[in-house]
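One structure below.
The values are calculated or read from the model by the stated rules, or taken from the named source; none is laboratory data. If you're wondering where the values come from, they're calculated on a predicted model, not measured in any experiment. As a convention, Cβ positions derive from the backbone with ideal geometry for all residues, glycine included, and neighbour counts pool all protein chains shown. The protein model used for the area step is the full one, side chains on, heavy atoms only, and it has no ligands, DNA or RNA in it. Shrake-Rupley method; radii C 1.70, N 1.55, O 1.52, S 1.80 Å.
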Amino acid sequence: MNEQMTLSGPAMSQPLPARVRPQTIDEIVGQQHLLGKGKILRRIIEQDAVSSMIFWGPPGVGKTTLANVIANQTKARFINFSAVTSGIKEIRGVMQQADENRRFGEKTIVFVDEIHRFNKAQQDAFLPFVEKGSIILIGATTENPSFEVNGALLSRCKVFVLKGLGEDDILTLLNRALTSPKGFGYQKIDISQDVLKLIASFANGDARTALSTLEMAVLNGDEANGVTTVTAETVEQCTSRKSLLYDKTGEEHYNLISALHKSMRNSDPDAAVYWLSRMLEAGEDPLYIARRLTRFASEDVGLADPRALELVIAVYQACHFIGMPECSVHLTQAVVYLSLAPKSNALYMAYESAKRDALTQLSEPVPLHIRNGVTKLMKELGYGKGYQYAHSTEDKLTDMRCLPDSLLGTEYYHPTTQGLETRFKDRLEQIKQWKKEHE
């Protein structure tokens, strides 16, 4: 008989993420910017000085775990609310009880998971009790609280931003689950670190997903002679991911982002969408792709279509708000737009050319007339002398030179005739002609 099946009790009937949930600050993995030695949230918890706060971060990064740790360490009554199942009547009943308890010196902490799911009326029901100090409200949300939490309530809460877990953090949790008595420490499991990395890659920073995937893989592993063997094939079957899984720091990661970039540059939307889907379905972080698209918008499109950068910034925000899988359509919109946009690398070439000169002439002094003479001594030394204020002229132009003497006449930006960059090209030619006539 499988050794696992001989174990019983309510603890072992819980899912793995619940069984191995950290109980103390030191057991929490990640969030060192908040929980490291001497960091603000750690001090608040250790000193039992908890005030109303909101934890904002992607799924599976420890928002509920932090609330549980506070519950374990604080000298307060702890109430767990679900925004999905709790109504206004239930909220008010608990709030009134908390108000009574305050009169006897007892603090009440109310934890609201998915607080963004509460409507305005439900959120308003908390407000007077937070204002009076009857309760300490701790909300958890995956959505930007600036948009999803009432302003009056938000102004009374400190917002802590939790970050997605890194792959090393996820691996730490997986290895801990394999050895912990609360996890699979009672069971002999043969699973390589490479297979654990597949799980960590698939989880994409979500601890709950990683632990649930490990549990499913162990339950579906091959058992022989008291040892359960979990292979890459087992994980692929459990996640419905076949050979798509890849190391996000390895060669294939860079091959795929290169293929996406070059397909958009070649104005091939079909190929670009294909490579986008390859990356997303392999578990790539959508925000990484969105960041690469912002680079492309300036490097390969630039002023040929200035709106391209605005679009991809909006897409990045959309990805941040809702995550996968919903944000796949936003990324597709950006990828198709960039593929069809007119192309110009004039901005990229301008900077690279200027960079070469900057690196060889780092000691070149700034011309005196465009220095800021903010003190009497600076003015006596000639700082700002001869400066021409363009706004004071009829044409909003002057013949003042702004490059160092050794680079006078050097041109870095060479606009193309693609898309809207034609307008910038015409404007630049007009400026050059004006300056030539007024030399």
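Enter the Cα centre distance for the pair the stretch 131-172 and the stretch 206-233, rounded to the nearest angstrom. So the separation of the two Cα centres works out to 33 Å.
Note down the relative contact order for the chain as a percent, whole number, built from C-alpha pairs under 8 angstrom at least six residues apart.
Dividing the mean separation by the residue count of the chain yields 12 percent.
Kirkwood analysis of the stretch 186-326, using all unique Cα-Cα pairs, places the hydrodynamic radius at 16.9 Å.
Roughly how many percent of the accessible protein surface of the chain is carbon and sulfur, given a 1.4 Å probe and a whole-percent answer? Numbers along the way, then the final one.
Numbers: 12290 of 23720 Å².
Of all accessible area on the chain, carbon and sulfur atoms account for 52 percent.
Of interest is the spacing of the C-alpha centroids, which for the stretch 294-311 and the stretch 40-79 amounts to 42 Å. In the chain, helical runs assigned H by DSSP with n ≥ 4 each contribute -39500 (n - 2.57); averaged across all residues and rounded to the nearest 500, the mean residue ellipticity at 222 nm is -14500 deg cm²/dmol.
When you count the other C-beta atoms within 10 angstrom of each residue and take the mean per peptide, 280-287, 254-261 line up highest first as 280-287, 254-261. Residues whose amide H falls under 5 Å from that of residue 111, counting only those 5 or more places apart or on a different chain, are 79, 80, 81, 138, with hydrogens built in the peptide plane. The residues of the stretch 323-439 expose, per residue, 71 Å² of accessible area to a 1.4 Å probe. With the cut-off at 20 Å, tell me which of the pairs 75/120; 39/132; 396/436; 39/163 have Cα atoms farther apart than that. Cα-Cα > 20 Å for 75/120; 39/132; rest within. Pairwise Cα distances in the stretch 125-199 exceed 13 Å in 75 percent of cases.
Note on the chain: along the principal axes its Cα atoms extend 91, 61, 40 Å, ordered by decreasing extent. Return the subset of 107/182; 89/158; 107/158; 355/432 for which the Cα-Cα distance in this structure is over 28 Å, preserving the input order. Over 28 Å apart, Cα to Cα: 107/182. Label sites at residue 161 and residue 350, each approximated as a point 7 angstrom past Cα along Cα to Cβ, lie 3.0 nm apart. Between the stretch 365-437 and the stretch 258-293, what is the C-alpha centre distance in whole Å? For the stretch 365-437 versus the stretch 258-293, the Cα centre distance is 40 Å.
In the stretch 327-439 the Cα-Cα distances spread across 5 Å bins starting at 0 as 2, 9, 12, 15, 16, 16, 11, 7, 6, 4, 2, 1, 0 percent of all pairs.
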